[in-house]
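Colleague: Take this structure, written in C-alpha coordinates, and hold onto it; I'll ask about it next.
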(Lines give C-alpha, C1' and ligand atoms only; values in the text may rest on other atoms or scores of the structure.)
Protein backbone atom coordinates (compact mmCIF):
# COMPACT_ATOMS: atom_id res chain seq x y z
CA UNK A 1 0.00 0.00 0.00
CA UNK A 2 3.05 2.28 0.32
CA UNK A 3 2.79 2.99 -3.41
CA UNK A 4 -0.25 5.13 -2.65
CA UNK A 5 1.27 7.00 0.32
CA UNK A 6 2.24 10.08 -1.69
CA UNK A 7 -1.18 10.25 -3.36
CA UNK A 8 -2.82 10.11 0.04
CA UNK A 9 -0.56 12.81 1.46
CA UNK A 10 -1.41 15.10 -1.45
CA UNK A 11 -5.12 14.42 -0.95
CA UNK A 12 -4.95 15.41 2.73
CA UNK A 13 -3.64 18.82 1.65
CA UNK A 14 -6.65 19.53 -0.56
CA UNK A 15 -9.88 21.22 0.49
CA UNK A 16 -12.45 19.20 2.42
CA UNK A 17 -14.84 19.29 -0.54
CA UNK A 18 -12.15 17.85 -2.85
CA UNK A 19 -11.48 15.03 -0.40
CA UNK A 20 -15.20 14.26 -0.23
CA UNK A 21 -15.37 14.18 -4.02
CA UNK A 22 -12.48 11.72 -4.32
CA UNK A 23 -13.98 9.46 -1.64
CA UNK A 24 -17.48 9.42 -3.14
CA UNK A 25 -16.22 8.99 -6.70
CA UNK A 26 -14.22 5.92 -5.68
CA UNK A 27 -17.07 4.38 -3.67
CA UNK A 28 -20.00 5.69 -5.73
CA UNK A 29 -21.69 2.28 -5.92
CA UNK A 30 -21.42 1.73 -2.19
CA UNK A 31 -22.89 5.13 -1.38
CA UNK A 32 -25.70 5.20 -3.90
CA UNK A 33 -28.60 6.89 -2.13
CA UNK A 34 -26.31 8.07 0.67
CA UNK A 35 -24.20 10.80 -0.94
CA UNK A 36 -25.48 13.32 1.59
CA UNK A 37 -24.26 11.14 4.47
CA UNK A 38 -20.68 11.86 3.43
CA UNK A 39 -21.36 15.45 2.37
CA UNK A 40 -23.11 16.30 5.65
CA UNK A 41 -20.12 14.91 7.53
CA UNK A 42 -17.80 17.02 5.37
CA UNK A 43 -19.82 20.14 6.18
CA UNK A 44 -19.67 19.31 9.89
CA UNK A 45 -15.91 18.68 9.77
CA UNK A 46 -15.33 21.97 7.98
CA UNK A 47 -17.22 23.73 10.74
CA UNK A 48 -14.52 22.71 13.22
CA UNK A 49 -11.65 24.13 11.14
CA UNK A 50 -10.43 27.68 11.75
CA UNK A 51 -11.04 28.85 8.20
CA UNK A 52 -7.35 29.02 7.30
CA UNK A 53 -6.42 25.32 7.18
CA UNK A 54 -8.51 22.30 6.23
CA UNK A 55 -7.24 20.02 9.02
CA UNK A 56 -7.93 19.61 12.75
CA UNK A 57 -5.45 19.36 15.60
CA UNK A 58 -5.97 16.59 18.15
CA UNK A 59 -8.25 18.47 20.57
CA UNK A 60 -10.56 19.71 17.81
CA UNK A 61 -10.65 16.24 16.24
CA UNK A 62 -11.60 14.77 19.61
CA UNK A 63 -14.48 17.24 19.99
CA UNK A 64 -15.65 16.60 16.41
CA UNK A 65 -15.74 12.84 16.98
CA UNK A 66 -17.32 13.16 20.42
CA UNK A 67 -20.14 15.28 19.01
CA UNK A 68 -20.79 12.53 16.48
CA UNK A 69 -21.16 9.95 19.23
CA UNK A 70 -17.74 8.35 18.73
CA UNK A 71 -16.10 6.79 21.78
CA UNK A 72 -12.78 6.07 20.06
CA UNK A 73 -9.78 7.83 21.56
CA UNK A 74 -7.30 9.78 19.44
CA UNK A 75 -4.70 7.11 20.13
CA UNK A 76 -7.07 4.38 18.92
CA UNK A 77 -7.86 6.48 15.86
CA UNK A 78 -4.17 6.75 15.03
CA UNK A 79 -3.71 3.01 15.50
CA UNK A 80 -6.63 2.27 13.17
CA UNK A 81 -5.26 4.63 10.53
CA UNK A 82 -1.81 3.08 10.84
CA UNK A 83 -3.32 -0.37 10.35
CA UNK A 84 -4.99 0.93 7.20
CA UNK A 85 -1.64 2.07 5.80
CA UNK A 86 -1.94 5.75 6.70
CA UNK A 87 1.20 7.43 8.02
CA UNK A 88 1.28 9.46 11.24
CA UNK A 89 0.65 13.22 10.97
CA UNK A 90 0.09 15.72 13.78
CA UNK A 91 -3.16 17.05 12.29
CA UNK A 92 -6.15 15.15 10.91
CA UNK A 93 -7.74 15.62 7.50
CA UNK A 94 -11.36 14.93 6.60
CA UNK A 95 -10.32 11.93 4.52
CA UNK A 96 -8.70 10.43 7.65
CA UNK A 97 -12.08 10.34 9.35
CA UNK A 98 -13.73 8.83 6.27
CA UNK A 99 -11.13 6.06 6.15
CA UNK A 100 -11.67 5.40 9.86
CA UNK A 101 -15.47 5.61 9.82
CA UNK A 102 -15.96 3.32 6.83
CA UNK A 103 -12.97 1.05 7.49
CA UNK A 104 -11.12 1.73 4.24
CA UNK A 105 -7.42 1.52 3.51
CA UNK A 106 -5.46 3.56 1.00
CA UNK A 107 -5.44 0.68 -1.47
CA UNK A 108 -9.26 0.71 -1.40
CA UNK A 109 -9.19 4.46 -2.03
CA UNK A 110 -6.87 4.54 -5.03
CA UNK A 111 -6.95 1.13 -6.67
CA UNK A 112 -9.20 0.79 -9.71
CA UNK A 113 -12.39 -0.97 -8.67
CA UNK A 114 -14.41 -3.56 -10.54
CA UNK A 115 -18.02 -2.93 -11.45
CA UNK A 116 -18.19 0.44 -13.13
CA UNK A 117 -20.92 2.87 -12.18
CA UNK A 118 -23.29 3.94 -14.95
CA UNK A 119 -22.97 7.43 -16.49
CA UNK A 120 -26.33 8.27 -14.92
CA UNK A 121 -25.09 7.36 -11.46
CA UNK A 122 -21.96 9.46 -11.92
CA UNK A 123 -24.15 12.36 -13.03
CA UNK A 124 -26.23 11.99 -9.86
CA UNK A 125 -22.98 12.18 -7.89
CA UNK A 126 -21.81 15.23 -9.84
CA UNK A 127 -25.13 16.97 -9.16
CA UNK A 128 -24.85 16.21 -5.45
CA UNK A 129 -21.26 17.47 -5.37
CA UNK A 130 -22.21 20.64 -7.25
CA UNK A 131 -24.95 21.37 -4.72
CA UNK A 132 -22.52 20.64 -1.90
CA UNK A 133 -19.98 23.04 -3.41
CA UNK A 134 -22.63 25.77 -3.47
CA UNK A 135 -23.22 25.26 0.24
CA UNK A 136 -19.49 25.34 0.97
CA UNK A 137 -19.07 28.53 -1.08
CA UNK A 138 -21.86 30.16 0.92
CA UNK A 139 -20.27 29.04 4.19
CA UNK A 140 -16.86 30.37 3.13
CA UNK A 141 -18.36 33.71 2.10
CA UNK A 142 -20.24 33.82 5.40
CA UNK A 143 -17.02 33.19 7.31
CA UNK A 144 -15.30 36.05 5.50
CA UNK A 145 -18.23 38.35 6.26
CA UNK A 146 -18.06 37.44 9.95
CA UNK A 147 -14.35 38.26 10.03
CA UNK A 148 -15.11 41.66 8.48
CA UNK A 149 -17.86 42.29 11.05
CA UNK A 150 -15.48 41.37 13.88
CA UNK A 151 -13.03 43.94 12.56
CA UNK A 152 -15.75 46.62 12.29
CA UNK A 153 -17.13 45.79 15.74
CA UNK A 154 -13.68 46.28 17.30
CA UNK A 155 -13.61 49.87 16.02
CA UNK A 156 -16.60 50.84 18.16
CA UNK A 157 -19.04 53.66 17.47
CA UNK A 158 -22.40 53.40 15.74
CA UNK A 159 -20.96 51.31 12.92
CA UNK A 160 -19.22 49.05 15.40
CA UNK A 161 -22.44 48.55 17.37
CA UNK A 162 -24.34 47.63 14.21
CA UNK A 163 -21.59 45.20 13.22
CA UNK A 164 -21.62 43.65 16.69
CA UNK A 165 -25.39 43.13 16.53
CA UNK A 166 -25.23 41.55 13.08
CA UNK A 167 -22.32 39.33 14.15
CA UNK A 168 -24.24 38.11 17.21
CA UNK A 169 -27.20 37.25 14.99
CA UNK A 170 -25.02 35.31 12.55
CA UNK A 171 -23.32 33.36 15.34
CA UNK A 172 -26.70 32.46 16.82
CA UNK A 173 -27.87 31.11 13.46
CA UNK A 174 -24.66 29.13 13.03
CA UNK A 175 -25.02 27.53 16.47
CA UNK A 176 -28.60 26.47 15.73
CA UNK A 177 -27.47 24.89 12.45
CA UNK A 178 -24.59 23.12 14.22
CA UNK A 179 -26.89 21.76 16.93
CA UNK A 180 -29.25 20.38 14.30
CA UNK A 181 -26.35 18.81 12.40
CA UNK A 182 -25.01 17.14 15.55
CA UNK A 183 -28.41 15.67 16.46
CA UNK A 184 -28.85 14.37 12.92
CA UNK A 185 -25.35 12.87 12.85
CA UNK A 186 -25.79 11.11 16.20
CA UNK A 187 -29.17 9.71 15.18
CA UNK A 188 -28.08 8.29 11.82
CA UNK A 189 -25.64 5.66 12.99
CA UNK A 190 -27.55 3.36 10.73
CA UNK A 191 -26.42 0.19 9.11
CA UNK A 192 -24.62 0.83 5.82
CA UNK A 193 -26.68 0.10 2.74
CA UNK A 194 -25.53 -2.93 0.78
CA UNK A 195 -23.42 -1.82 -2.18
CA UNK A 196 -24.96 -2.10 -5.61
CA UNK A 197 -23.83 -5.45 -6.99
CA UNK A 198 -22.07 -5.70 -10.33
CA UNK A 199 -24.80 -7.98 -11.60
CA UNK A 200 -27.62 -5.45 -11.23
CA UNK A 201 -29.63 -5.29 -14.45
CA UNK A 202 -30.23 -2.01 -16.28
CA UNK A 203 -33.84 -1.68 -15.09
CA UNK A 204 -32.82 -1.98 -11.45
CA UNK A 205 -30.10 0.62 -11.97
CA UNK A 206 -32.47 2.95 -13.78
CA UNK A 207 -35.03 2.68 -10.99
CA UNK A 208 -32.41 3.32 -8.31
CA UNK A 209 -31.09 6.35 -10.19
CA UNK A 210 -34.56 7.85 -10.62
CA UNK A 211 -35.21 7.45 -6.91
CA UNK A 212 -31.83 8.99 -6.06
CA UNK A 213 -32.35 11.98 -8.36
CA UNK A 214 -35.84 12.58 -6.96
CA UNK A 215 -34.48 12.43 -3.42
CA UNK A 216 -31.65 14.84 -4.22
CA UNK A 217 -34.06 17.28 -5.85
CA UNK A 218 -36.36 17.17 -2.82
CA UNK A 219 -33.41 17.75 -0.48
CA UNK A 220 -32.21 20.66 -2.62
CA UNK A 221 -35.64 22.30 -2.55
CA UNK A 222 -35.91 21.82 1.21
CA UNK A 223 -32.49 23.40 1.81
CA UNK A 224 -33.29 26.36 -0.45
CA UNK A 225 -36.55 27.02 1.39
CA UNK A 226 -34.81 26.79 4.77
CA UNK A 227 -32.06 29.19 3.65
CA UNK A 228 -34.68 31.64 2.37
CA UNK A 229 -36.56 31.47 5.67
CA UNK A 230 -33.36 32.10 7.65
CA UNK A 231 -32.41 35.10 5.48
CA UNK A 232 -35.84 36.65 5.89
CA UNK A 233 -35.82 36.06 9.65
CA UNK A 234 -32.32 37.53 9.93
CA UNK A 235 -33.32 40.66 8.00
CA UNK A 236 -36.40 41.08 10.18
CA UNK A 237 -34.42 40.81 13.40
CA UNK A 238 -31.72 43.18 12.18
CA UNK A 239 -34.39 45.71 11.20
CA UNK A 240 -35.91 45.46 14.68
CA UNK A 241 -32.50 45.92 16.32
CA UNK A 242 -31.73 48.92 14.11
CA UNK A 243 -35.10 50.50 14.93
CA UNK A 244 -34.52 50.07 18.67
CA UNK A 245 -30.99 51.47 18.37
CA UNK A 246 -32.22 54.55 16.48
CA UNK A 247 -34.90 55.17 19.10
CA UNK A 248 -32.36 55.08 21.92
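The values are calculated or read from the model by the stated rules, or taken from the named source; none is laboratory data. The model shown is predicted, which means the values in this text are computed figures rather than measured ones. Positions of Cβ are generated from backbone atoms using ideal geometry, with glycine treated the same way; all protein chains shown enter the neighbour counts.
Colleague: If residue 19 passes every condition in (1) closer than 20 Å to residue 105 by Cα; (2) under 12 Å from the mean Cα position of the chain (by Cα); (3) without any contact (Cβ under 8 Å) to a residue 60 or more places away in the chain but one, which one does it miss?
Modeller: Of everything listed in (1) closer than 20 Å to residue 105 by Cα; (2) under 12 Å from the mean Cα position of the chain (by Cα); (3) without any contact (Cβ under 8 Å) to a residue 60 or more places away in the chain, residue 19 misses just condition (3).
Let's see how each residue does on (1) under 30 Å from residue 247 (Cα atoms); (2) within 22 Å of the chain's Cα centre (by Cα); (3) surrounded by fewer than 17 Cβ atoms within 10 Å (Cβ to Cβ):
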residue: 90; (1), (2), (3): no, yes, yes
residue: 99; (1), (2), (3): no, yes, no
residue: 140; (1), (2), (3): no, yes, yes
residue: 148; (1), (2), (3): yes, no, yes
residue: 159; (1), (2), (3): yes, no, yes
residue: 162; (1), (2), (3): yes, no, no
residue: 172; (1), (2), (3): yes, yes, yes
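Colleague: Follow-up question, since we're still on this one. Can you give me the ranges of the helices (runs of 4 or more DSSP H) entirely in the range 46-123 with at least 1 residues that are in contact (Cβ under 8 Å) with a residue 40 or more places away in the chain and either touching a helix residue (DSSP H, G or I) at 6+ places or on another chain (Cβ under 8 Å) or farther than 27 Å from residue 28 by Cβ (or both)?
Modeller: Numbers: elements: 58-67, 74-83, 94-101, 106-110.
Qualifying helices (runs of 4 or more DSSP H): 58-67, 94-101, 106-110.
Colleague: For the range 137-147, does any single residue satisfy the condition of being closer than 20 Å to residue 64 by Cα, part of a helix (DSSP H, G or I) and at pLDDT 80 or above? Outline the logic, then answer.
Modeller: Narrowing the range 137-147 to residues closer than 20 Å to residue 64 by Cα: 139-140, 143.
With part of a helix (DSSP H, G or I) added as a condition, the list becomes 139-140, 143.
Right, trim to at pLDDT 80 or above and you get none.
No, the range 137-147 contains no residue that is closer than 20 Å to residue 64 by Cα, part of a helix (DSSP H, G or I) and at pLDDT 80 or above.
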